[in-house]
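> This is the structure, below, for whatever I ask next.
Read-outs throughout are calculated quantities, based only on the coordinates presented, and are distinct from any laboratory measurement. Keep in mind that what you see is a predicted model, and the values were worked out from it rather than measured. Counting neighbours? That spans all protein chains shown, and the Cβs are built from the backbone with ideal geometry, glycine included.
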Amino acid sequence: MEVFFQTLVAGVLKGGLYALIGIGMTLIMGVMGIINLAHGQMMMLAMYLTYVCFHFLGIDPYVTLLVSVPCLFLVGVGVQKYTLNPLLKIESLLPENQVLMTVGVGMVLTEVARFIFTSNYVSVKTSYSDATFFIGGISFSVALTIAFGFACALTAGMFWFLLKTDLGRSIRAVAQDAEAASLMGVNADRIRTITMGMGAGLVAAAGTLLLPIYYLFPDIGGPFTRKAFVITILGGLGSTVGAILGGVTLGLAEAFGATYIGMDYEDMMGLVIFILVLLFLPGGFKRLTKV
Amino acid sequence: MREHRIPLILLALLLVLPLVVTEPYFQHLMILVLLWVTIGTGWNLLAGYTGQVSFGAAAFFGVGAYTAGLLSHHLGLSAWWGMALGGAVAVLIAFPFGWIAFPLRGAYFALGSLALGEVMRQVATSWESLTEGMVGILIMQTFISKLPYYYIALALAVGSILLVQAVTRSKLGYYFVSIREDQDAAASIGINTTKYKMISLCMHAFLTGTAGALYMNYMGFIDPHVVFSLHDISIMAILVAIVGGVGTLYGPAVGALIMVALQEVFRSAGFGALQALTDAMGGGFMTVVTKYVSQAHVLAFGILVVVVIMNLPNGVVGDWARIKRAFRRG
Amino acid sequence: MKRPGSVVWSVVCCLLLACSVSARAAEGIKVGVVLPLTGTEAQFGEIEWNSFQLALDEINGAGGIKGKPIELVKEDDTGKPDVGRSAMEKLITQDKVVVVGGGYSSSVTFAMAAVAQQRQVPFVVNTGSDDKITEQKWNYVFRLNPPASEYPKALNSFLGEVVKPQTVAILYEKSNFGQSSSKSFAAQCEKMGLKVVLKEGYDSGAVDFKPLLIKVKAANPDLLYMVSYLMDAGLLMRQSKELDINPRLFVGGGAGFTLPGFYDNAGKAADYVFSATLWTETVPYPGAKAYFDKYQKKYGHPTEYHGAEAYACMYVIADALKRAKELTPAAVQEALVHTDVMTAFGPVKFVSYDKKTQQNKLPTYLVQWQGGKLETVWPKEIATKPAVYPVPKWSERK
Amino acid sequence: MAILELHGVCKNFGGLRAVDNVSFAVEEGEIFGLIGPNGSGKTTTFNLISHVFPVTCGKVMFKGQDITGLKTFQICALGVGRTFQVVKPLKRMTVLDNVIASAFLRHGSMKQARAQAEKWLDFCGLTPYAGHLARGLSIASRKRLEITRAMATEPTLLLLDETAAGLNPGELDEAIALILKIRKSGVTIVIVEHIMKVIMSISDRIHCINHGQTIAEGTPQEVARDSKVIEAYLGHGGGH
């Protein structure tokens, strides 16, 4: 039973972090209708920022959130404004040009990071990196628990923002029907730019929160892009609540898969669930929650 | 006959090329180009003509390569049997996948194909008893000379282009393009969209799988990360087609030439030159520069991708008129 | 639109420059080096390239070979077999090198070795460790480092003579090295009569190893054997500490556990961890310590066994060039066959045994982290400190 | 015998009932008009007949055969052609190629399909545009292309969805002439139309729906006099 609960806790905590990674992607997916294949790479960039702040300036990663999130917001804005928005105006055979552009952007980000920081692994060791506390014999990683808390708070914030603010409503309008929204006077390009910035900012938060317990090298983005993509599908394209469910589901699936089937299959679990969802619940959890 | 003149001249040139250019290095690069012509053309059929963008070329490529490799590894057959069977096995994978993914509209096919490649990679990595996992599969090459590989690759590349040409001039091609242009309209004129998307996917899988089998025969070594790579196979296949021109017959061929050549130029000549400069100037500052620039060739490649997509959305062949104009003005 | 024009021009300029290089540097002896200088393996490629250069400077500084300097032609395989193949073809046919060194990952090394064999240019492999590379009867392929299956040799004798455990748990990352060496270690355990209670692979880069470690805890093995790279290794040890897992000893199967970064990352949790390794700066070979110090001084960070392999490779090549009757690939191959030289990595002699040909046979070592320092503890004759065994339980450590 | 019959067809979108228990029968050879105010469910009814989406209840019969569960392309193959209200030309194909793609349904070889396509282009008066890309056409030509494409599948029943919308008076007359010509060639037509002048002048019978429900059916004159129809179109006296 202890094994079961430890697995459950590990899965949920990891899932919170995954949710944070997924929300940004799902937001972008919802508004732009594309998967952002540079998502993990943006996270990597935020992690390097955190690393630099910690290593050279001695700033605690949680404080760095105030730096990394705005910085990545700007990066996202720049990417959308100068590479993706212009593409919308160019007619080409395949709308997927935008997705490919994100691949190119991801490549550039990775190589720029390699250029500056080389391929060496780096990590940020804080006092709480290794800290754990126990509840009834189950170990909780302090850093992951904090990350989980942040993930919940940020998601709640996102939800409120999308429902209650004008900007949030505009974003939802563009997500539902960009053309109709523009006719109603919403500047769709601006909304897209802001959304990309927010997506990047959210994943930056995830990266900054992850770094104290993880490590970093330029190629770290790829696996997280893939995870974000699975979460997005699980949750349903464009659904923030779905992303939370998707993230936690992925975290749980990985943890239980690792414990009861074999760690061999940790990565495959996500994909298996992905296929099951595709088969039996096309549209993801969004279909169930209707949000 | 006039429309065939240029392709025929090109073909004749390609047939004698390895007899003139005897450097194995260039022959090797040409084999890679031809391999990518096949893969790019296959992808173009599915995405460029049928409008179903796939991020899963690696799944079929890897399955083809593993078919060849496993036949030789477990059954002791020649890996050349893989050339006959690799494509067929790839089709077997494509079928259930298409059956799941095609009824869904929107981004699901693209996303599903991305997942398919990942699933195949995971399976090949974990199923050690069958695939040897990450240890990989190794066979001996049949030929020492590159010529046989060159001509086989050439035959495959030409075959794939002929196939696409034949398809585009038939009912199949009209149906594919109709589906790309508008699925509802296609259904309304009596086209079974799922069936024809499936046919297109199977052709794509067949060509890609056969190319994978050739890769196994030629390279002599595969492991899951090499042949099921999202970046190096699936995305490269897309780039080849996009750079050359999606939905054009010769686009992928032009794209393959450009991409393989550029990759090699960036990789080798770039820092070959800088190394020389370093030697000439005697280290110090230039050593540092060389160190950084040697890391930058992938960066240069990434920037190239961005620039091409921005400026040539329809590829070199698709935007040829624009390129010509630009050069005349410039 | 002037841009396309300028791109073409810069490409042409690069090509011209590249050509002028090959024309100008005709006096040196050309030796090719292929390493992953970009991509995920780049950090090791970098250490190896630095070590090649270190050795090169020493050799050329001492007058070169037969009065000529050696000139290294560097190629980046980017960690991909087809690119490695291109690089090898280029070195042989364009640059006309007489011998090639390097070869990091097994898959790339194998693809390159096939080319070297076909083109009859000797290739001295210094890292690619897949057993199969020297089992092809390729007479132009030489390997300096032991094959992966032999990495835990020292560990086996230590287990047999000192520890005598009953049960073993094996964790490995799903890479070529991880899968092949865990497989051969499991086979050896069977031979020694040890029971493998758990053998599981994982994908490197996992965020959380607890599910895996819970199972280890439940299996309660005498020995926990892990084949992991740097950061996974650190995380595994930290989480073992968290979960209070107490086997009689922790052993790393090379790779990540001997790097300085491991201690940085795992901190105190790294203490008492054993690891199999091919080389440490304390091995009793002439020049080993000197190489370590020189590297540290020149590049500002410590080196490890990959670097030593590369450093030794350069010396083996230089030695063969010295003895070669003429500077042709065939003559260098002939000279390499008769290699018998002492290097900082150990004695090098290419011999045939079992299914292998032209394979260097070297002892391997067991090291242990003690108070933040990596001490050689086995074989006993060269131990710098006695092994601390059994390992104290987590709760008993200060 | 009725060529097309709808028996109590309904359709729910979420909680909204877009079509509610609609029944009618179309006789062979007639032009059958389907009218109703905006959003009354006309296009939805069309989409149910050609199975763009499935019916919630009820059934659709074509020539006495139940086609309710068939896919769009199967229904087309049986001989039901249709056009779309929002035209869906195959944009990056030429006009000729658009029609060839459609002619392939009945003619397997390229040569025959091409000959057929040219015949239908001529029939519908689009021959001058044969080489143009479909996306470059004017709205009137696009509407005409829709019809041509549907005709090239050689239907016995043609569903026309707002073919006349957005046309100027001259084009309108041409469109009416074309529809009559098609009927003359022996094809039964069901037409959804907004412009009363068109529908009243060409329909043999008219079926009027509002809020998804049938409110009247009969000859144009009967329907035009029907109080419910008048109310539906004019509203409740415009009282605001």
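> Is any residue of the range A:213-238 close enough, with backbone N under 16 Å, to a label point placed 7 angstrom from the Cα of B:Trp99 along the Cα-Cβ axis, and if so, which?
none
> What does the charge add up to near D:His51, with Lys and Arg as +1, Asp and Glu as -1, over the other residues with Cβ less than 13 Å from its Cβ?
+2
> Please identify which residues in the range A:21-65 have an amide N closer than 12 Å to a label point set 7 Å out from the Cα of A:Tyr82, following the Cα→Cβ vector.
Within reach of a label on A:Tyr82, which here means backbone N under 12 Å from a point 7 Å along Cα→Cβ, the range A:21-65 contributes nothing.
> Divide by every residue of chain C the summed helix terms, -39500 (n - 2.57) for each DSSP H run of at least 4, and state the resulting mean residue ellipticity at 222 nm, rounded to the nearest 500 deg cm²/dmol.
Value at 222 nm, helices only, nearest 500: -13000 deg cm²/dmol.
> Which ³J(HN,Hα) values, rounded to whole Hz and listed in residue order, are derived for the range A:3-15 from phi using the Karplus coefficients 6.51, -1.76 and 1.60 in 6.51 cos²θ - 1.76 cosθ + 1.60 with θ = phi - 60°, glycine and proline given as x?
Values per residue, Gly and Pro as x: 4, 4, 5, 4, 5, 4, 5, 4, x, 5, 5, 5, x Hz.
> Taking the alpha-carbon centroid of each part, what is the distance from the range D:138-168 to the range A:59-95 in angstrom?
What the calculation gives is 45 Å, centre to centre.
> In the neighborhood of A:Leu163, defined by Cβ-to-Cβ distances under 13 Å, what is the net charge if each Lys or Arg adds +1 and each Asp or Glu adds -1?
Within the 13 Å Cβ shell, the charges total +2.
> Report the FRET efficiency, 1/(1 + (r/R0)^6), for A:Glu91 and D:Asn168, where r is their Cβ-Cβ distance and R0 is 25 Å, rounded to 0.05.
E(calc), rounded to 0.05, equals 0.30.
> Shifting gears a bit: Read phi for every residue in the range A:250-267 and hand back ³J(HN,Hα) as whole Hz from Karplus 6.51 cos²θ - 1.76 cosθ + 1.60, θ = phi - 60°, with x for Gly and Pro.
Working through the residues one at a time gives 5, x, 5, 4, 5, 5, 5, x, 5, 6, 9, 10, x, 5, 3, 9, 4, 5 Hz.
> Using 1/(1 + (r/R0)^6) with R0 = 60 angstrom and r between the beta carbons of C:Lys195 and C:Glu334, what's the FRET efficiency to the nearest 0.05?
Numbers: r = 49 Å, r/R0 = 0.82.
For C:Lys195 and C:Glu334, the calculated efficiency is 0.75.
> With +1 on the Cβ of every Lys and Arg and -1 on the Cβ of every Asp and Glu, and nothing else charged, how large is the dipole of the protein assembly as shown about its Cα centre, in debye rounded to the nearest 20?
1220
> Along the Cα→Cβ direction, 7 angstrom out, place labels at A:Asp166 and D:His194. What is the inter-label distance in nm?
3.2
> Report, in order of residue number, the helices in chain C meeting two criteria: a C-alpha extent of 30 Å or more along the helix axis, and a mean Kyte-Doolittle hydropathy of at least -1.0; treat each whole DSSP H run as one helix.
Counting only whole DSSP H runs, the qualifying helices are C:3-24.
> In sequence order, what are the phi-derived ³J(HN,Hα) couplings for the range A:86-93 according to the Karplus relation 6.51 cos²θ - 1.76 cosθ + 1.60 with θ = phi - 60°, rounded to whole Hz, with x for glycine and proline?
x, 5, 4, 8, 8, 7, 9, 5
> Relative to the longest principal axis of chain D, what angle (0 to 90°, nearest 10) does the C-alpha long axis of helix D:110-124 take?
Relative to chain D, helix D:110-124 is tipped by roughly 50 degrees.
> Still on this structure, please answer the following. B:Met140 to C:Ser395: FRET efficiency via 1/(1 + (r/R0)^6), r the Cβ-Cβ distance, R0 56 Å, to the nearest 0.05? Don't jump to the answer; show the numbers that get you there.
On the way: r = 56 Å, r/R0 = 0.99.
The value I calculate is 0.50.
> Can I ask one more? Would the range B:44-187 count as rounded, prolate or oblate if I go by the C-alpha gyration tensor, calling it rounded below 1.5 in a/c and otherwise prolate when a/b exceeds b/c, oblate otherwise?
Oblate shape, in that a/c is at least 1.5 and b/c is the bigger or equal ratio.
> Rounded, prolate or oblate: which one fits the range B:131-209, using the alpha carbon gyration tensor with axes a ≥ b ≥ c (rounded when a/c is under 1.5, else prolate when a/b beats b/c, else oblate)?
oblate
> Related question: Post the alpha-carbon centroid distance, the range B:1-67 to the range A:160-183, in whole angstrom.
For the range B:1-67 versus the range A:160-183, the Cα centre distance is 46 Å.
> If I model a spin label as a point 7 Å beyond the Cα along the Cα-Cβ vector, how far apart are those points for D:Ser109 and C:Glu326 in nm?
Result for the modelled spin labels: 7.0 nm.
> May I ask you to work out the translational diffusion coefficient for chain C at 10 °C, viscosity 1.306 mPa s, via Stokes-Einstein with Rh from the Kirkwood sum over Cα pairs, reported in whole µm²/s?
Details: Rh = 22.1 Å.
Approximately 72 µm²/s, per Stokes-Einstein.
> Still on this structure, please answer the following. Using alpha carbon coordinates only, what is the Rg to Rh ratio of the range A:2-219, with Rh defined as the Kirkwood radius?
1.01
> By a straight-distance test (C-alpha under 25 Å), which lysines pair with D:Lys143 as possible cross-link partners, with residues fewer than eight away in the same chain excluded?
Reachable lysines: B:Lys171, D:Lys42, D:Lys71, D:Lys88, D:Lys91, D:Lys119, D:Lys181, D:Lys184, D:Lys197.
> Let me know the volume per residue of the alpha-carbon convex hull for chain B, in Å³.
173
> Please list, by residue number, everything in the range A:32-75 whose backbone N is under 20 Å from a paramagnetic label point 7 Å out along Cα→Cβ of D:Lys91.
A:32-35
> So what's the back-of-envelope 222 nm ellipticity for chain D, counting only DSSP H runs of four-plus at -39500 (n - 2.57) apiece and dividing by all residues, rounded to 500?
-11000 deg cm²/dmol
> Could I ask something else about it? What's the whole-number percent of alpha carbon pairs in the protein assembly as shown lying beyond 59 angstrom?
22
> Quick one: length gained pulling B:Tyr151 to B:Gln165 fully straight, 0.36 nm per residue minus the C-alpha distance?
Numbers: separation 14, 0.36 × 14 = 5.04 nm, distance 2.05 nm.
Fully extending the segment from B:Tyr151 to B:Gln165 adds 3.0 nm.
> Students often get this wrong, so check it: of C:Lys66/C:Lys90; C:Lys74/C:Lys96; A:Lys14/A:Lys227; A:Lys14/C:Lys210, which have C-alpha atoms separated by over 18 Å?
Numbers: C:Lys66/C:Lys90 26 Å; C:Lys74/C:Lys96 13 Å; A:Lys14/A:Lys227 12 Å; A:Lys14/C:Lys210 11 Å.
Going by Cα-Cα distance, C:Lys66/C:Lys90 fall outside the 18 Å limit.
> Still on this model: For C:Pro81, what charge total do you get from the other residues with a beta carbon under 11 Å from its beta carbon, if Lys and Arg give +1 and Asp and Glu give -1?
That sum, taken over residues with Cβ under 11 Å, equals -2.
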